[in-house]
1. Strictly over 26 Å apart at the Cα level, which of 54/130; 269/538; 223/538; 125/479; 54/129; 370/430 would you flag in this model?
2. Please compute the contact order of the stretch 1-126 in relative form: average sequence separation of alpha-carbon pairs under 8 Å and at least six residues apart, divided by the residue count, as a percent.
3. Points 7 angstrom from Cα along the Cβ direction at residue 228 and residue 71: gap in nanometres?
4. Counting heavy atoms of the protein chains only and a 1.4 Å probe, report the per residue accessible area for the chain as a whole number of Å².
5. Pop out the ³J(HN,Hα) list for the stretch 235-251 in order, Karplus 6.51 cos²θ - 1.76 cosθ + 1.60 with θ = phi - 60°, rounded to Hz; leave Gly and Pro as x.
6. With every protein chain in place, what's the accessible area of residue 575 (1.4 Å probe, Å², nearest 10)?
7. Return the carbon/sulfur percentage of the accessible area of the stretch 520-641, one whole number, probe 1.4 Å, all protein chains in place.
8. For the ranges 349-355, 324-330, what's the packing order if you count other beta-carbon atoms within 10 Å of each residue, average per peptide, and put the highest first?
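The values are calculated or read from the model by the stated rules, or taken from the named source; none is laboratory data. From a predicted model like this one, the values you see are computed outputs, not experimental measurements. Please note: Cβ atoms are built from the backbone with ideal geometry, for glycine as well, and neighbour counts cover all protein chains shown. Heavy atoms of the whole protein, side chains included, go into the accessibility calculation; ligands, DNA and RNA do not. Shrake-Rupley method; radii C 1.70, N 1.55, O 1.52, S 1.80 Å.
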Amino acid sequence: MTSPTLFPVPEELARTAWIDEEKYESLYHLSIKDPEAFWGEQGKLVTWIKPFTKVKDVDYTGDVRIRWYYDGTLNVSANCIDRHLALRADQTAILWEGDDPKDHKHVSYSELHENVCRLANVLKKRGIKKGDRVTIYMPMIPEAAYAMLACTRIGAIHSVVFGGFSPESLVGRIQDCDSNCIITTDEGLRGGRKIPLKANVDEALTRCPSVKTCIVVKHTGGKINWVEGRDHWYHEELSQVGRDCPPVEMNAEDPLFILYTSGSTGKPKGVLHTTGGYLVYAAMTHRYVFDYHDGDIYWCTADVGWVTGHSYILYGPLANGATTVMFEGVPNYPDASRFWQVIDKHQVNTFYTAPTAIRALMREGEGPVKKTSRQSLRLLGSVGEPINPEAWLWYHRVVGDERCPIVDTWWQTETGGILISPLPGATALKPGSATKPLFGIRPEIVDANGNVLDGACEGNLCIADSWPGQMRTVYGDHKRFAATYFSAYKGKYFTGDGCRRDEDGYYWITGRVDDVINVSGHRLGTAEVESALVAHAKVAEAAVVGYPHDIKGQGIYAYVTLNAGEQPSEALRKELVNWVRKEIGPIASPDLLQFAPSLPKTRSGKIMRRILRKIAENEYGNLGDISTLADPAVVKDLIDNRMNRG
Ligand code: WTA
């Protein structure tokens, strides 16, 4: 059945793509019918030191056990680098584009090999061993990729912390995994502004005695503080070691990395991914979703501090021997043409970005896009949040000249790679829909009582069976892993997202159904922002909700009750917004902050967030039943003083 808004697969793509419609249907069918056979075959996408004979061992009940390829051994850096050297030593692996349009650099596979091996030798020399946790707090420069790959070469577990996070956030993430080494940079550079990364590290490390080694990349050359014995210049260290470093043999289920992400509670959780399954899944999805072929110039605009950067700037593309573009800057610097200029400059043919960037650029009109050629483009992608049909259509028409399909890829830090997405040669598109599940993925839509719904329906999105890229545990807290993801619906992985399935079997992600919000594609827990606010001396209580925001997707709306005797003021409002910025990072700054003499609570003292969300959305006429409130009068004050009147 076709609907009027269906965008068919371009004929040429249907002919040339890895997967056309027929192949999708048959492979999908096989992958569900016989997962062992399907995933056993996909396991060949990576090179094993000792080939696996066991494919899958999964139990979603009880303690929850997830293992893939678990008797195989391999090394991730050898897969991402060494195995390509015979054929493509001189091919560009990383094409770096600086914040300043004058800066760019090609790093070939052989240069990547040398840099990664040297840094791995430095880590070894500094006593870092297999299983140790190394924190990486860096801007988007090739050394960030070297750092991640150097860890994998020696079997150290990396934990990349986004450079926009505050010293406070860094402390939490270092302490949680007890890392003993941090790799950072003097300063980052974004949109012409300097980010004081090393200064943030200095502040954080006063509270992180476990960190004995700090390796510093010189990037801007800005003046920094130095702690003798702890701090070491990256370039000096590299020059003192050899360029040979044999990759360590890792079991498929040995940890590869930890990445902290927000959930419903105040404390971000350390999502743990392991070696074999993650790499197979990243490589497979990168190849099929972006229909990656030799010679493509592929650009994902994410930051390596997020999972998208891990899977689709680094591991997926490099496992496939691709040329991956790494961009240090921002979409609107020096002006709103930057993305499109970079596409022309490097002849990018696959471009993968976030809806928030599209919406921000859309606001600048077509001019900045249309003055560039973009003839090299073949495929566009979207990730991180629902893309509204209006932004989708603009992306398709203005950026892609109606020539390029858009892959709207739905996935999560927890899933390691894309789970629901069109395949460009196989799937007709509907603007705003992530379309169909990838191979081996069994989405189920369930109602509040756990009933699995059939046909066209709407409810909560679960996944009924495992895939190799799935997270294995919450670092150091397996109980929390089982409780967070497998207790709501027995025997299923619960995603935390709401979802609709239409009559054609297309999936439409409707957004989070828990206390996670998505601000400019950045995932944040409302509880995190609340704990930052209540840490301020003048704040008694805080409740944070998301509200629809034209550019960011969701904005942050904070209700704050002050301690007795404190007076609300504009100055205090600014102070509190800055406070959150400092506690968590700029991405968490509340957009709107309302002083509330008290918050709406049930008689048992539970804050009624539903009401706060409605008021934040300016939908206060429709609050539903408020009779269970301890003091219904509170609501009138909140409405009278609401901050969103748009
Ligand atoms: C949301 C980012 C709609 C979703 C890869 C998910 C999306 C959360 C899409 C995970 C999409 C991601 N359409 N929503 N294409 N992609 N999301 O962990 O709510 O930073 O649960 O991973 O982003 O965010 P995370």
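1. Working: 54/130 24 Å; 269/538 28 Å; 223/538 35 Å; 125/479 36 Å; 54/129 28 Å; 370/430 24 Å.
As for pairs spanning more than 26 Å Cα to Cα, those are 269/538; 223/538; 125/479; 54/129.
2. Working: 102 pairs, mean separation 16.6, N = 126.
It rounds to 13 percent for the stretch 1-126.
3. Label at residue 228, label at residue 71, 5.6 nm between them.
4. Working: 24120 Å² over 646 residues.
With all protein chains present, the chain gives 37 Å² per residue.
5. 3J(HN,Hα) across the stretch 235-251, in whole Hz: 5, 5, 4, 4, 6, 9, 10, x, 9, 9, 8, x, x, 7, 6, 10, 6.
6. Roughly 80 Å² of residue 575 is accessible to a 1.4 Å probe.
7. Values: 2820 of 5480 Å².
After summing per-atom areas, the C and S share lands at 51 percent.
8. Numbers: 349-355: 25.0, 324-330: 23.3.
Highest-to-lowest ranking by the protection proxy: 349-355, 324-330.
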